[in-house]
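Enquirer: What follows is a structure written as structure tokens; I'll ask about it next.
Coordinate-derived values only; no laboratory data. This structure is a prediction, so every number in the text was calculated from the model and none was measured. For neighbour counting, all protein chains shown are included, and Cβ atoms are generated from backbone atoms with ideal geometry for every residue, glycine included.
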Amino acid sequence: MEIPRGSLETQTFYEQVGGEETFRRLVHRFYQGVAEDPLLRPMYPEEDLGPAEERLALFLMQYWGGPRTYSDARGHPRLRMRHAPFTVNRAAHDAWLRHMRDAVDSLELPAPLETKLWDYLVYAAGSLINAAD
Ligand code: HEM
């Protein structure tokens, strides 16, 4: 009998949620929120949010078991160091997570996958706070 790929616990989380397309949708929706956000938008150094969108999408894909394109292009993520130039205080953290919550909701993932993704994003955002209000 042939056992279809993914029927056992062989799939990465990246695959379980739908692969690249899902992460691209997530991050695209997130940056639509950032583009309209009076606190966050000025933090992004580039006029065009496209390259930042690309970096976050590739990072998340890699983190969850997808292709390692992020590190091929950018090296070790070292996220705390890369956020050091920006004031990530509680307000920035809350705004970031608010747009991410909206983006996660838009994916309509099965509840256990959604929870896993969301819990990670909350944890990661908390770990990047580098400034008191
Ligand atoms: C807590 C609130 C956060 C704020 C205010 C914030 C803000 C920023 C800003 C302003 C940049 C520079 C844009 C760019 O040039 O790429 C950036 C980059 C980035 N952020 Fe965040 N971020 C936050 C949380 C997170 C979290 C939770 C993650 C991961 C789960 C993340 C992942 C990244 C990545 C991968 C980059 C690009 C790093 C690089 O390769 O240069 N950020 N962030």
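Enquirer: Residues of the stretch 16-60 with amide nitrogen under 18 Å from the 7 Å Cα-to-Cβ point of Thr87?
Expert: 37-46
Enquirer: Choose one answer from Gly19, Gly33, Gly50: the residue with the largest mean-square fluctuation in a GNM of the chain with alpha-carbon springs under 10 Å.
Expert: Gly50
Enquirer: Here's a follow-up. With everything on Cα atoms, drop me the angle between helix 111-127 and the longest principal axis of the chain, reported from 0 to 90° to the nearest 10.
Expert: That works out to roughly 30 degrees.
Enquirer: From Cα pairs below 8 angstrom and at least 6 apart in sequence, can you work out the relative contact order of the chain, rounded to a whole percent? Please list the in-between numbers first.
Expert: On the way: 102 pairs, mean separation 41.1, N = 133.
Value for the chain: 31 percent.
Enquirer: While we're looking at this one, here's another question. Please report Rg over Rh for the stretch 11-133, where both radii come from the alpha carbon positions and Rh follows the Kirkwood definition.
Expert: On the way: Rg = 14.0 Å, Rh = 14.9 Å.
My calculation puts Rg/Rh at 0.94.
Enquirer: Using the basic label-point model (7 angstrom from Cα toward the beta carbon), what is the Glu15 to Asp48 distance in nanometres?
Expert: Placing both labels 7 Å along Cα→Cβ, they lie 3.5 nm apart.
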